[in-house]
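Heads up: the structure comes next, in structure tokens.
Quick note: the coordinates plus some simple rules give every number you see, no bench work behind them. From a predicted model like this one, the values you see are computed outputs, not experimental measurements. Neighbour counts are summed over all protein chains in view; Cβ atoms, including those assigned to glycine, are modelled from backbone coordinates with ideal geometry.
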Amino acid sequence: MTNRLLSPNERMTDAFDRASTLNFTTVARVRGSTSEAELRAALGSLEQRHPLLRAGIERKGKQTRFIADGGAPIPLFVRDGARDEVLAIATQTLAHRTWSDEGPRAELTYVRHGVQDFSLVLLLHHVVSDGSSGIFAMRDLLSFLGGEPLSSAPVASPGSLAILPKRHAGLWSYLRTLRLIVASSRGEKPRRLHAPEKAPVEQRVPVCVRIELDDLDTQHVAQRARRVGATVHGLLCAAMALSVQRQLAAPWAMQRVLSPVCLRRYLRARGAARADVADAVGCYVSSIETDHRVVNGGDLSLLAREVTTQLQRKKADGVPLLTAPVAGPLLTDRFERAPPGKLQKLAEEKLMLSTFSITNLGNLESQLDLHTQYGALTLDDIYFVAAGSVLGALGASVTTYRGRLTMAICGVEPLITRAQLNAMRTQVEALLHEFARGAEQAAE
């Protein structure tokens, strides 16, 4: 790895991380046998292939850079536990913590369920990784663990600035970004599902619940979404918004939905992708905000189509090239030196006003080259959970693997209560099952 400055979105993440840790954790359930020694060897190969995971951070004035080989080896924790305990174990990893500037920014927990049955819980720091990168890291770890012929030679991760179009940060982009920021601050303030009390970050506890659709329901949801003019992502955003509206107990409210956008995938669709970072572990993500007037008990299909239309229009307008790449530095340069407490208050009350966020990685086999078999190891299930933070106290992460859709909804108590999360899980699940049944009936 070559020492380099943090890219704009990495700087933004690093700044807000001081107020509340930005972590996420990938969970894989595996059939087959392994050992602690084999896992340590596989982790060593993973570190060599993705050296950013062990990089240190050096701060000199306004310049912050990654330093190669700055950290100790990625730690491995070993424990016994049942399958139904793994989500709770993964959730615990999302708690606020201070990552050392020396690195590493990853850790692995090996949960043994039986002789031929285990789970891997891979925690990553968002400064060096995004959701797709978490899947890449787990995929490569399983490849090394299963004896697959995968090179441990370093994969370059130059940062998002290096893969963007050369003129993305010109004057025109700067002016467009300012207009976006002004437009976002005007109009009706979006409602959020926050408890009225304030809680210091040290007193906040991560909470996650999980929705799993079987392969038939997943297929029917996708088919019907296409028929109503929506994407699966638009449908999930709509279902989440309707469940939030029920918790708000108001006839209607303006909600703001934050949809992270994978810059690698976005640029590939625009014919401007760099092949050499396709499998790199790093933070290559931007975002799009959409605002919606959500009516309690409203029509799911109509709202899903509205979300989809807004997202498609903003993608076509190049908004992901303006948010994290340009707006990120504007925020960071102004506020990154603020004390953590002040930064937290500013972010939560003035800057980050989304009602919720949804990260959807799509089909992991087709989009991220995930396999079912790694040597003698069989990957039965994989998903990820993300920490609630100053960037949003309520969010969901979505994956589709082996034809089954998984949606993990995460929040932080006491801002979001466990009872509210459980209610939202029940409501979203019911909406999706009802939507899938509509596809079945149409096919009869």
Between region 151-177 and region 343-397, what is the C-alpha centre distance in whole Å? 22
Using Stokes-Einstein with the Kirkwood hydrodynamic radius over Cα pairs, what translational diffusion coefficient do you get for region 4-145 at 37 °C and a viscosity of 0.692 mPa s, in µm²/s rounded to a whole number? 210
Explain nothing, just the number: dipole magnitude of region 4-145 about its Cα centre with +1 on each Lys and Arg Cβ and -1 on each Asp and Glu Cβ, in debye rounded to the nearest 20. 340
Would you mind classifying region 116-158 by shape? Square roots of the alpha carbon gyration tensor eigenvalues, ordered a ≥ b ≥ c; an a/c under 1.5 is rounded, otherwise it is prolate if a/b is larger than b/c and oblate if not. oblate
Which label in (1) 53, 52, 46; (2) 57, 57, 46; (3) 71, 49, 46 gives the computed Cα extents along the principal axes in Å: (2)
With each label point set 7 Å from Cα along the Cα-Cβ vector, what nm distance links Glu202 and Gln223? 5.5
For region 360-403, what number results from the quotient of the Cα radius of gyration and 2.2 N^0.38 Å? 1.44
Cα-based Lys proximity count in the chain, under 21 Å, for pairs eight or more positions apart or on separate chains: 11
Starting from the Cα of Ala156, step 7 Å along the direction of its Cβ; do the same at Arg293; then give the gap between the two resulting points in nm. 5.1
Using Stokes-Einstein with the Kirkwood hydrodynamic radius over Cα pairs, what translational diffusion coefficient do you get for region 136-179 at 37 °C and a viscosity of 0.692 mPa s, in µm²/s rounded to a whole number? 238
Pick from Pro325, Pro339, Pro51 the residue whose mean-square fluctuation is largest in a GNM of the chain, springs joining Cα atoms under 10 Å. Pro339
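What number, in percent, do you get for the relative contact order of the chain if the mean sequence gap of Cα pairs under 8 Å and at least 6 apart is divided by its residue count? Can you show the working numbers first?
Values: 889 pairs, mean separation 110.3, N = 444.
Here the relative contact order equals 25 percent.
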Pick from Arg29, Arg179, Arg265: which is most flexible by mean-square fluctuation in a GNM of the chain where alpha carbon atoms under 10 Å apart are linked? Arg179
By the rule of no other cysteine beta carbon under 4.7 Å, the lone cysteines of the chain are Cys237, Cys262, Cys283
Residue among Leu123, Ala387, Asn3 farthest towards the positive dipole end of the chain, charges placed on Cβ: Asn3
Can you say what percent of the DSSP beta bridges in region 4-145, counting only those with both residues inside, are antiparallel? Round to 5. 85
Estimated dipole of the chain in Debye, rounded to 20 [Cβ of Lys and Arg +1, of Asp and Glu -1, Cα centre]: 1820
Put +1 on the Cβ of every Lys and Arg and -1 on every Asp and Glu Cβ in the chain; which of Leu432, Met138, Leu343 then has its Cα farthest towards the positive end of the dipole? Leu343
